[in-house]
Protein chains: 4
Amino acid sequence: MKRTDLALEARELWREKTSSALPPGAETETREEGGSTLEALAVTSEEAAAALGKGVGKYITIFPEALLRREEGAFEKAAALLGRELRALLGLAEGASVLVAGLGNEAITPDSLGPRTLRHVLATRHLVASLPETFGAFRRVAALATGVLGNTGMETAELVKAVTEKLRPDAVIAVDALAARRLGRVCRTVQLTDTGIAPGSGVGNARRELSRETLGMPVVGLGVPTVVDAATLAADLTELSGRGEAAPEDFGEYGAGMMVTPREIDQQISLMARLLGYGIDLALHDLSCADVTALVG
Amino acid sequence: MKRTDLALEARELWREKTSSALPPGAETETREEGGSTLEALAVTSEEAAAALGKGVGKYITIFPEALLRREEGAFEKAAALLGRELRALLGLAEGASVLVAGLGNEAITPDSLGPRTLRHVLATRHLVASLPETFGAFRRVAALATGVLGNTGMETAELVKAVTEKLRPDAVIAVDALAARRLGRVCRTVQLTDTGIAPGSGVGNARRELSRETLGMPVVGLGVPTVVDAATLAADLTELSGRGEAAPEDFGEYGAGMMVTPREIDQQISLMARLLGYGIDLALHDLSCADVTALVG
Amino acid sequence: MKRTDLALEARELWREKTSSALPPGAETETREEGGSTLEALAVTSEEAAAALGKGVGKYITIFPEALLRREEGAFEKAAALLGRELRALLGLAEGASVLVAGLGNEAITPDSLGPRTLRHVLATRHLVASLPETFGAFRRVAALATGVLGNTGMETAELVKAVTEKLRPDAVIAVDALAARRLGRVCRTVQLTDTGIAPGSGVGNARRELSRETLGMPVVGLGVPTVVDAATLAADLTELSGRGEAAPEDFGEYGAGMMVTPREIDQQISLMARLLGYGIDLALHDLSCADVTALVG
Amino acid sequence: MKRTDLALEARELWREKTSSALPPGAETETREEGGSTLEALAVTSEEAAAALGKGVGKYITIFPEALLRREEGAFEKAAALLGRELRALLGLAEGASVLVAGLGNEAITPDSLGPRTLRHVLATRHLVASLPETFGAFRRVAALATGVLGNTGMETAELVKAVTEKLRPDAVIAVDALAARRLGRVCRTVQLTDTGIAPGSGVGNARRELSRETLGMPVVGLGVPTVVDAATLAADLTELSGRGEAAPEDFGEYGAGMMVTPREIDQQISLMARLLGYGIDLALHDLSCADVTALVG
């Protein structure tokens, strides 16, 4: 199957293959809110999961259209929407604590979404106890830039598990760059899911996943597509140019270890990292965007 | 005289020495606006300039108090105030073009204010002609990170002059980190002046200045104190601890080439660079803060 | 014609099309030296230039094979070879001065070769006069990170011309990331040419060139392929997979603004930037690799 | 007592106070090797430890004089010396594994020594098993950039303990920026000690230590002084200027949260981070400097 981290594209591939909108056991719902379109996909059976190649759980895709059109106030609205959806997906009790894990390699621009998001995430765990008069109303949040296997010698999942076993947070938010099938989707959608994340699937080989099964607590995966897999691109281009059907595997050796990314990726990642960071802060604390700006710089 | 880049501190030193508020030929005015205090100093005679150690011209110091208290909406208000004051100081005709020069060394945290401000500055010079339907209403703005002599082999003033002779902008905005005398002022004020800037005076030896005299066009200097000179610090500490009068020169050899800076300087510089960048964009174009966020990420 | 910045690939495309090794007026020569292979191509007539799509001049391609095999002492040998070839191509008189221009966007990993090379380049112009006892034997070298049009509003060629008109160096070395046709060449060769460089051709649309014609002095272009053009990749993949002939233009719209790059590009760029920086220092001064390490950190 | 992280300065303070060279239970030895001077201090009794304000253990201070004089081959010799001393201090069995922890904040130049050292450290833990033919002879090494409390919400010691409990390495090397009392020592010495490290003592309040006691395995602290404490500086300057005795506490409030650092700190940190990284690689594997260059870029 063509590789994608996006539920949206998994659904699309199903439709192309079967001419039916969705397999039984999967449901979708779309709505507009504050200049963004939101598509929710619920995968409720193992059969549907197998058909779509996506685990049982909820997938929310936000298209921040007004923001991409640069409309007045669109950033605040998109961050607020993301914050609300993330908060609902986490379903945390009052006072519950969270670990935010930023996955990926800061030195590779399209893989830097995770660590760059952390720049905008308020780490409060150490402040809640030490400065209760100022931070007593904040949720305890820790933040971890996981780095990548090649630099650390540790699987991302292994490192995150080490930290959750020590800190025992009530939930994990894992932020990572994702791979899309279509170039036109790069840096144009945000995906949230309560099924967790498979680190490195965006720009490398999938490694061990971060999920409720592996970590023993709720794990929300939060990501933005930043690359297209080279082999997937080649397969799609072949079909688009009328040269018949093709599969990524046809080009596997040639495209292995390659990623395709827009030339202006740096500025796009900046904006998306800011959106995700603010969305996380708004989901976890009772703050406004202005508060976040003053607190994180 | 004790070294400072701040007009505010030059005035203070005068008062300490003479017990008079200001020398003849200098006037000051203070007002509050939108959560910030603004102090304007006008130096109108060469005598006043010599007495204060500051050239003839206008100096505006903004204390963004509400922002530092993290009040709701304070960033937008402080950026708007800075934008208005900068616009007034520049006094540009419609369609006039501008070069924004970011001075300093991005790799030295307290010297990185200039290049980090540029991350938030919209460069539009190439867009106004090529995309008139979108950018026709924008002013033509170019942006130059000058680097520092040790890395480039070029004096900052020499490089900026080379570029202004080629581009022939109508004005220059030069952004640089400044040196303060008091630690408590670091990252807590913004200074604008139509007298230009002496690059590197903040964290190195003063080199050739950027000013109307040297560049042949209006030059507004825009800066934030990010360091305290080590020798100045020592002199002040000596006096504060009741050990008698002292001058920076007493400690010159020992403190030469050293800078004193807060430990949490990175986050403070981030916020100040963002404030300056947005202030510049608002001064030069008809934009809101939300527009700037969408355009610069 | 399929797009490539590599003389090596231009020659290859000619051979594929014509089944002759080279057009009349072009000559090639290959030799091995210290663990590297070196291929020199001389284009001596306008006819040959038109046939190959490469200007009249010399093109030297170095394959640092021992370095890529991580052999003992290979870095020093490859840097020395590059230094000698660069020195020969520049043909500078004693005491002649040089501007090294690092092109590209430091924030986009595969486009960061130019600015990252500058980290290893000794800027000496300011030292030769001020510290003659230490630096009197050094050549005067200035270094300029040009940034990119989207961030500066200035064409790279325009900025470099402004600086050369001011500094009047005797030659320019322009370092930039290049585009290759084959993924297997990315970060595996170094190209030097006395024909200059077309900035941004590596990862963006070609803009005005840097050359003797435009700058009025010798310009050596120095680069390493770091990306493959998405449309070129698609065309090649199509042919490779037995789906018939294809041209990049067939995929132009789909792949426009996209680049293809290896996932482990960061470390490869680090090594290549170091190699280029040391090669430049060895070409311009009488230094050893150990000297360069001590001087540039 | 005046604050310093350097055993060398602790010894100096003892001598100033008592006019005796060392307290009973402490011994020192000095030797020259390959252009560096090495001073070993052994603290063998609790009494000596209390007198010096340094725990029982070994402290090795390397002065890489030939490197700082930029002598030919000095980097390789200094790295080899550091590698040998580190290897001896670790005393690892064949096949024993190591975690290298880089402490500090990469965004604050003088606090970036730890994470910048990691750029030169080979992480091999994941390779030894997966690529035994290439990496079978390598020691298993993992690398962790710990970040700082303000950004992560986690004490450094807490995070390192979480990781060591998971990975169970045989030893830890903790790299951190240190605080010196004298400006002239900044970036001019390397200190190794088998007593571990108190993270953040270099540029912030001391937090929980990393040591055999807290982690349950040998911990070697490796550092370079990069800052001077502002209050310590003021006290020293007062005495130097003949204004009588002074203690850092006299200036505590004024200098709190401030650090003093050289203006050219970036390049000095680059060289020291490279030296430390290579020293670590040479201590842990059978490699030459040339190997390390080829492997880490």
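Just to be sure, is D:GLU165 within 30 Å of D:LEU295 (Cβ to Cβ), open to solvent by 10 Å² or more (accessible area, probe 1.4 Å) and either in contact with a helix residue (DSSP H, G or I) (Cβ under 7 Å, 6 or more places away or on another chain) or not in a strand (DSSP E or B) (or both)? When the stated conditions are applied, D:GLU165 passes them. Taken together, the residues in region C:283-297 that are at the interface with chain D (Cβ under 7 Å from one of its Cβ atoms) and either open to solvent by less than 20 Å² (accessible area, probe 1.4 Å) or not aliphatic (A, V, I, L, M) (or both) amount to 6. Total residues in region B:216-238 satisfying the condition of being among the acidic types (Asp, Glu) and either part of a helix (DSSP H, G or I) or at pLDDT below 75 (or both): the figure is 1. Among the conditions (1) modelled with pLDDT of 95 or more; (2) out of contact with any His (no Cβ under 9 Å at 6 or more places or on another chain); (3) hydrophobic (A, V, I, L, M, F, W, C), the only one that D:ILE108 does not satisfy is (1). Scanning region D:140-150 for residues that are touching a strand residue (DSSP E or B) at 6+ places or on another chain (Cβ under 9 Å) and over 19 Å from D:ARG119 (Cβ atoms) yields a single hit, D:ARG140. Of (1) away from chain A (no Cβ under 14 Å); (2) over 20 Å from D:VAL296 (Cβ atoms); (3) modelled with pLDDT under 95, D:LEU149 satisfies all except one. Which? Tallying (1) away from chain A (no Cβ under 14 Å); (2) over 20 Å from D:VAL296 (Cβ atoms); (3) modelled with pLDDT under 95, D:LEU149 fails exactly one: (1). Entry remark, region C:122-148: residues being in a loop (DSSP other than H, G, I, E, B) and closer than 29 Å to C:ILE197 by Cβ number 7 in total.
Within region C:169-184, residues that are farther than 17 Å from C:VAL220 by Cα have Cβ atoms under 6 Å from residues that are at pLDDT below 95 and of a type in the set (Lys, Arg) in these pairs: C:ARG181/C:LYS2, counting only partners at least 6 apart in sequence or on another chain.
For every residue, the table says whether it meets (1) touching a residue at least 24 places away in the same chain (Cβ under 8 Å); (2) among the β-branched types (Val, Ile, Thr).
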{"position": "A:LEU38", "(1), (2)": "yes, no"}
{"position": "A:GLU46", "(1), (2)": "no, no"}
{"position": "A:GLY57", "(1), (2)": "yes, no"}
{"position": "A:THR61", "(1), (2)": "yes, yes"}
{"position": "A:ALA66", "(1), (2)": "yes, no"}
{"position": "A:LEU81", "(1), (2)": "yes, no"}
{"position": "A:GLU94", "(1), (2)": "no, no"}
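Of the numbered criteria (1) buried (at least 18 other Cβ atoms within 10 Å of the Cβ); (2) modelled with pLDDT of 95 or more, the one C:LEU127 fails is (2). Sort out which residues of region B:141-158 are over 19 Å from the mean Cα position of the chain (by Cα) and open to solvent by less than 10 Å² (accessible area, probe 1.4 Å), and write them in order of number. Result: B:GLY153, B:MET154. Restricting region D:258-282 to residues that are open to solvent by less than 20 Å² (accessible area, probe 1.4 Å), farther than 16 Å from D:ALA174 by Cα and not in a strand (DSSP E or B) leaves a set whose member that is nearest to the other protein chains (Cβ to nearest Cβ) is D:LEU271. Here is a check on your reading of the model: is B:GLY244 open to solvent by less than 10 Å² (accessible area, probe 1.4 Å) and more than 14 Å from chain A (Cβ to nearest Cβ)? It is false that B:GLY244 is open to solvent by less than 10 Å² (accessible area, probe 1.4 Å) and more than 14 Å from chain A (Cβ to nearest Cβ). Residue-level check: of (1) free of Cβ contacts under 8 Å to residues at least 60 places away in the same chain; (2) within 14 Å of D:GLU158 (Cα to Cα), A:LEU149 misses just (2). A:ALA171 satisfies every condition listed in (1) more than 11 Å from every other protein chain (Cβ to nearest Cβ); (2) open to solvent by 10 Å² or more (accessible area, probe 1.4 Å) except (2). Number of residues in region A:239-290 that are of a type outside the set (Phe, Trp, Tyr) and at pLDDT 85 or above: the value is 26. Looking across region A:36-56, the residues that are of a type outside the set (A, V, I, L, M, F, W, C) and closer than 30 Å to A:GLU72 by Cα come down to A:SER36, A:THR37, A:GLU39.
The values are calculated or read from the model by the stated rules, or taken from the named source; none is laboratory data. Since we're looking at a predicted model, the values are computed, not measured. No Cβ is skipped: glycine too gets one built from the backbone with ideal geometry, and neighbour counts run over all protein chains shown. Each accessible area value is taken on the protein alone, full model and side chains, heavy atoms only, with ligands, DNA and RNA left out. Shrake-Rupley method; radii C 1.70, N 1.55, O 1.52, S 1.80 Å.
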